[in-house]
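Contents: one structure, followed by commentary.
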Amino acid sequence: MAELTDMTGKAFSRLRFESLLKRRFFFAEAFEIYRTSANAMADNRGLYDYGPPGCALQANIVNEWRNHFVIEENMMELDCTVITPEVVLKTSGHVDKFADWMSKDPVKGEYLRADHLIESVLEARLAKHRATDGEQKAGGLDDDTANEYGEILAKIDNYDGPALGELIKEHDIRNPNGNGEVLPPIPFNLMFKSTIGPSAAAPVYLRPETAQGQFLNFRRLLEFGQGTMPFASASIGKSYRNEISPRSGLLRVREFLMAEIEHYVDPATSKSHERFSEVEQINLPLLDKGTQLSGKTDIAIMSISEAVQMGLVENETLGYFLARVYLFLLNIGVDKSKLRFRQHLDNEMAHYAVDCWDAELLTSYGWIECVGCADRSAYDLSVHSKQTGTALVVKEPLAEPIEVEEWQATLDKKLLGPRFKKDAKKVEDAMASLEQETLENLGAELTEKAVITVPTEELTNGETSVELSGDICAIKKVTRIERLREYTPNVIEPSFGIGRILYSLLEHVYWYRPKDVARGVLSIPISVAPTKVLIVPLSNNASLQPVVKKLAARLRKLRISNNVDASSSSIGKRYARNDELGTPLGITIDFDTVSDGSITLRERDSTSQVRSSEDEIIQAVCSLVDGSESWEQVSQRLPAFTGQSQDD
């Protein structure tokens, strides 16, 4: 990977950048004051608190998300419980399959996520190789090995546990902390488990995603929307994952904010989207799975319409949301050149997914998954319906009744109970779950042999099938009149990691003034900036205070966040502090303000200024905040202020 640069093209320094974030209290490690030798806590990494600017930035990103998706797409928003019964997550597959591969350093006692361990070691070796311009030194890499490492990294997500173990063995991957050998990878479930009540008899988990609560409320959502399809639900809330080794700041944490959408669509419509024409010409940077499997990371720029037509993106609805995600990320300030959509490889695909693309953002930690867009098919509604016996389906009247021929199985319940006792319900459920083709074959077998074998869940005798004879079971083709069409919707799910987006955005908008490396600037767009306006009185003279209070009150009334800095520092230092906080606008009040009512408005990035009446400046601030004007437009219509520089 080429050297990472900031938004002005200078080399990016994570050390200076993260120092700024911590110094200005965007975030801090949780329980930090307990990190002493006397009060050493258990492994509590991956837990963070947001300070005032971080909290405000997060809230503003969420607000923009709601406007961009919930309001614009007319979605139904839910707030579901975090505590989830085990049976729900067992049904969804999370209890059995929601795991990462973990390796242990037996000497240090450290647990390491296997794929991340391999990535970090190989990337370090490649970095050293590049630093010597590819010249092989004693104990170094030759070009063939370097190319092999590059291919492994390109498809690292396609390796399962045994394959990761082979890579660790073949390439002598060791724990960077001490260079110790590690054990072969084993699966580690990422969910936090607990119990409800004093008896500990009701196991629960902290949810690893917000999706399941939305699926379980499907019937109510459908009814609330008057049965109209397609429709979408949305949920914003905390989720929890017991990460193996969280070591990348806000990018890999154990408690995080998610914003998820579940868009329900009729599978018979080929998952078309009525608004696809609005986005079809948007060009997206795509890294498909074929390219990755060839060991490359070349990005193809193509319109989402072309990607859907050629089958690269599975359907229009998935493509529509990829484009909408792209527009959202650009709107909040993500660097277009550091954004790509990477298609999941078959081996990394979630157990429910048909197709999945991640919106990844380039950071000093590499490419980071920030949004996942998956076609979950009908998996979730189907498994919850089967488990609970609740029909999670859409019923739509047919324009004309139709005749339907189908195979039906019936069981003689007078014989079923006495013969199978406690297993009777399992036998009944097994027969009800059989597909039409299976029923047809079993019907022919029953006619020929008078007995059939049907697979079941494990029975009390340990068997996983039963024999049914013609006296208890009948299978025949029937014709019925159908006036309703009944189907289980497919689901397209865009899932956003808000904390990851927040951190990546801050890296993308960070830079520093040419003459002062220590003078950082965060060019956060005004729509999501923690504070919109800094009010700076030139001095603490009593004559300026009424103007300061009046101006702050006017801005508050307009719901424009502002902060007053009346400290004794120079005006340049006060602005510099707030440039680091990402405050886009500054208003200076001086002694001329008292005499003629004029004030100065400063723009953060250019440090250029205009001066006009209080009403004119307030109007300019409003138009900048709501996006109806740019700074260039404001500076053209209001007089430039060319007095003494306020940035010395």
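The values are calculated or read from the model by the stated rules, or taken from the named source; none is laboratory data. All values derive from a computational prediction rather than experimental measurement. FYI the Cβ positions are ideal-geometry reconstructions off the backbone, even for glycines, and counts take in every protein chain you see.
Please enumerate the residues belonging to the range 243-253 that are assigned to a loop (DSSP other than H, G, I, E, B) and either in contact with a Lys or Arg (Cβ under 6 Å, 6 or more places away or on another chain) or buried (at least 21 other Cβ atoms within 10 Å of the Cβ) (or both). Walk me through how you get there before you give the answer.
Initially, the range 243-253 is screened for residues assigned to a loop (DSSP other than H, G, I, E, B), giving 243-248, 252-253.
Answer for the range 243-253, where residues must be assigned to a loop (DSSP other than H, G, I, E, B) and either in contact with a Lys or Arg (Cβ under 6 Å, 6 or more places away or on another chain) or buried (at least 21 other Cβ atoms within 10 Å of the Cβ) (or both): Glu243, Ile244, Ser245, Pro246, Arg252, Val253.
Taken as a whole, the range 52-72 holds at least one residue that is under 27 Å from Leu502 (Cβ atoms), touching a residue at least 40 places away in the same chain (Cβ under 8 Å) and among the small types (Gly, Ala, Ser).
In the range 426-436, what residues are assigned to a helix (DSSP H, G or I) and aliphatic (A, V, I, L, M)?
The answer is Val427, Ala430, Met431, Ala432.
For the range 300-314, the set of residues classified as under 21 Å from the mean Cα position of the chain (by Cα) and modelled with pLDDT of 95 or more consists of Ile304, Val313, listed by residue number.
Pick from the range 88-106 the residues that are surrounded by fewer than 15 Cβ atoms within 10 Å (Cβ to Cβ) and touching a residue at least 24 places away in the same chain (Cβ under 8 Å): which of them is nearest to Ile196 (Cα to Cα)? Step through it out loud before you land on a result.
The initial filter retains those residues of the range 88-106 that are surrounded by fewer than 15 Cβ atoms within 10 Å (Cβ to Cβ), namely 96-97, 106.
Retained after the next criterion (residues that are touching a residue at least 24 places away in the same chain (Cβ under 8 Å)): 97, 106.
Details: Lys97: 23, Pro106: 35 Å.
It comes out as Lys97.
Tell me which residues, restricted to the range 567-580, are among the hydrophobic types (A, V, I, L, M, F, W, C) and either under 36 Å from the mean Cα position of the chain (by Cα) or surrounded by fewer than 16 Cβ atoms within 10 Å (Cβ to Cβ) (or both). Correct list: Ala576 only.
Only residues that are farther than 11 Å from Pro489 by Cα, in contact (Cβ under 8 Å) with a residue 24 or more places away in the chain and not in a loop (DSSP other than H, G, I, E, B): list them for the range 223-235, please. Those that are farther than 11 Å from Pro489 by Cα, in contact (Cβ under 8 Å) with a residue 24 or more places away in the chain and not in a loop (DSSP other than H, G, I, E, B): Phe224, Ala232, Ser233, Ala234, Ser235.
Quick check: anything in the range 108-120 of a type in the set (A, V, I, L, M), farther than 28 Å from Ser194 by Cα and not assigned by TED's automatic domain parsing to the domain that holds Gly295?
Filtering the range 108-120 for residues of a type in the set (A, V, I, L, M) gives 112, 114, 117-118.
Right, trim to farther than 28 Å from Ser194 by Cα and you get 117-118.
If we keep only those that are not assigned by TED's automatic domain parsing to the domain that holds Gly295 too, we end up with 117-118.
Yes: the range 108-120 contains one or more residues that are of a type in the set (A, V, I, L, M), farther than 28 Å from Ser194 by Cα and not assigned by TED's automatic domain parsing to the domain that holds Gly295.
Of Glu632, Glu580, all but one fail to be without any contact (Cβ under 8 Å) to a residue 12 or more places away in the chain, out of contact with any Pro (no Cβ under 8 Å at 6 or more places or on another chain) and not assigned by TED's automatic domain parsing to the domain that holds Gly333; the exception is Glu632.
Quick one: which residue in Cys356, Cys373 is touching a Gly at 6+ places or on another chain (Cβ under 7 Å) and not hydroxyl-bearing (Ser, Thr, Tyr)? Quick ask: steps written out before the conclusion?
Numbers: Cys373 fails: touching a Gly at 6+ places or on another chain (Cβ under 7 Å).
Matching residue, one of Cys356, Cys373: Cys356.
Out of the residues in the range 11-55 meeting the condition of being charged (D, E, K, R) and modelled with pLDDT of 90 or more, tell me which one is nearest to Ser120 (Cα to Cα). Going through the qualifying residues, I end up with Arg14. The selection criterion, being more than 14 Å from Cys373 (Cβ to Cβ), assigned to a helix (DSSP H, G or I) and out of contact with any His (no Cβ under 8 Å at 6 or more places or on another chain), holds for Glu306. Every condition in (1) of a type in the set (S, T, N, Q); (2) in contact with a helix residue (DSSP H, G or I) (Cβ under 6 Å, 6 or more places away or on another chain); (3) at pLDDT below 95 holds for Gln343 except the one numbered (3).
Is the range 613-620 home to any residue that is closer than 27 Å to Pro514 by Cβ, small (Gly, Ala, Ser), loosely packed, with under 15 Cβ neighbours inside 10 Å and free of Cβ contacts under 8 Å to residues at least 60 places away in the same chain?
no
Of all residues in the range 474-490, those satisfying the criterion of being part of a strand (DSSP E or B) and either among the hydroxyl-bearing types (Ser, Thr, Tyr) or farther than 30 Å from Pro401 by Cα (or both) are Thr479, Tyr487.
Take the residues of the range 457-506 that are of a type in the set (Ser, Thr, Tyr) and either surrounded by 23 or more Cβ atoms within 10 Å (Cβ to Cβ) or in contact (Cβ under 8 Å) with a residue 60 or more places away in the chain (or both): which is nearest to Ala378 (Cα to Cα)? The extreme case among them is Thr488.
Within the bounds of the range 170-185, is there any residue that is surrounded by 17 or more Cβ atoms within 10 Å (Cβ to Cβ), within 25 Å of His116 (Cα to Cα), of a type in the set (D, E, K, R) and out of contact with any helix residue (DSSP H, G or I) (no Cβ under 7 Å at 6 or more places or on another chain)? Steps first, please.
Pass one, the range 170-185, residues surrounded by 17 or more Cβ atoms within 10 Å (Cβ to Cβ): 173, 175, 182, 185.
Narrowing further to those that are within 25 Å of His116 (Cα to Cα): 173, 175, 182, 185.
Next, only the ones that are of a type in the set (D, E, K, R) stay: none.
No: zero hits.
Of all residues in the range 52-77, count the ones that are within 20 Å of Ala28 (Cβ to Cβ) and crowded, with 17+ Cβ neighbours inside 10 Å. The number of residues fulfilling the criteria is 7. Looking at Asn315, Asn331, Asn347, can you tell me which residue is polar (S, T, N, Q), crowded, with 17+ Cβ neighbours inside 10 Å and in contact (Cβ under 8 Å) with a residue 60 or more places away in the chain? Only one candidate passes the filter, namely Asn315.
Among the residues of the range 118-140, at least one is surrounded by 15 or more Cβ atoms within 10 Å (Cβ to Cβ), touching a Pro at 6+ places or on another chain (Cβ under 9 Å) and within 29 Å of Val253 (Cα to Cα). Confirm whether Thr479 is under 24 Å from Gln387 (Cα atoms) and polar (S, T, N, Q). Taking the combined requirement at face value, the residue does not satisfy it. Any residue that is polar (S, T, N, Q) and in a strand (DSSP E or B) - is there at least one of those in the range 174-183? Yes, the conditions are met somewhere in the range 174-183.
In the range 187-207, the count of residues that are surrounded by 14 or more Cβ atoms within 10 Å (Cβ to Cβ), touching a Lys or Arg at 6+ places or on another chain (Cβ under 8 Å), within 30 Å of Tyr320 (Cα to Cα) and at pLDDT 95 or above is zero. Looking across the range 67-100, just one residue is assigned to a strand (DSSP E or B) and more than 21 Å from the chain's Cα centre (by Cα), and that is Pro85. Could we say that Ser543 is loosely packed, with under 15 Cβ neighbours inside 10 Å, touching a residue at least 24 places away in the same chain (Cβ under 8 Å) and over 30 Å from Gln408 (Cα atoms) here? Yes. Against the definition (in contact with an Asp or Glu (Cβ under 8 Å, 6 or more places away or on another chain), buried (at least 18 other Cβ atoms within 10 Å of the Cβ) and among the small types (Gly, Ala, Ser)), how does Ala409 come out, yes or no? So Ala409 does not fit the description; no.
Among the residues of the range 426-437, are any exposed (fewer than 15 other Cβ atoms within 10 Å of the Cβ), more than 24 Å from Ala268 (Cα to Cα) and not β-branched (Val, Ile, Thr)? Before you say what the answer is, go through the steps one by one.
The initial filter retains those residues of the range 426-437 that are exposed (fewer than 15 other Cβ atoms within 10 Å of the Cβ), namely 429, 432-433, 435-437.
Next, only the ones that are more than 24 Å from Ala268 (Cα to Cα) stay: 429.
Narrowing the set further to residues that are not β-branched (Val, Ile, Thr) leaves 429.
For the range 426-437, residues exposed (fewer than 15 other Cβ atoms within 10 Å of the Cβ), more than 24 Å from Ala268 (Cα to Cα) and not β-branched (Val, Ile, Thr): present.
Go through the range 368-425 and report how many residues are assigned to a helix (DSSP H, G or I) and of a type in the set (Val, Ile, Thr).
2
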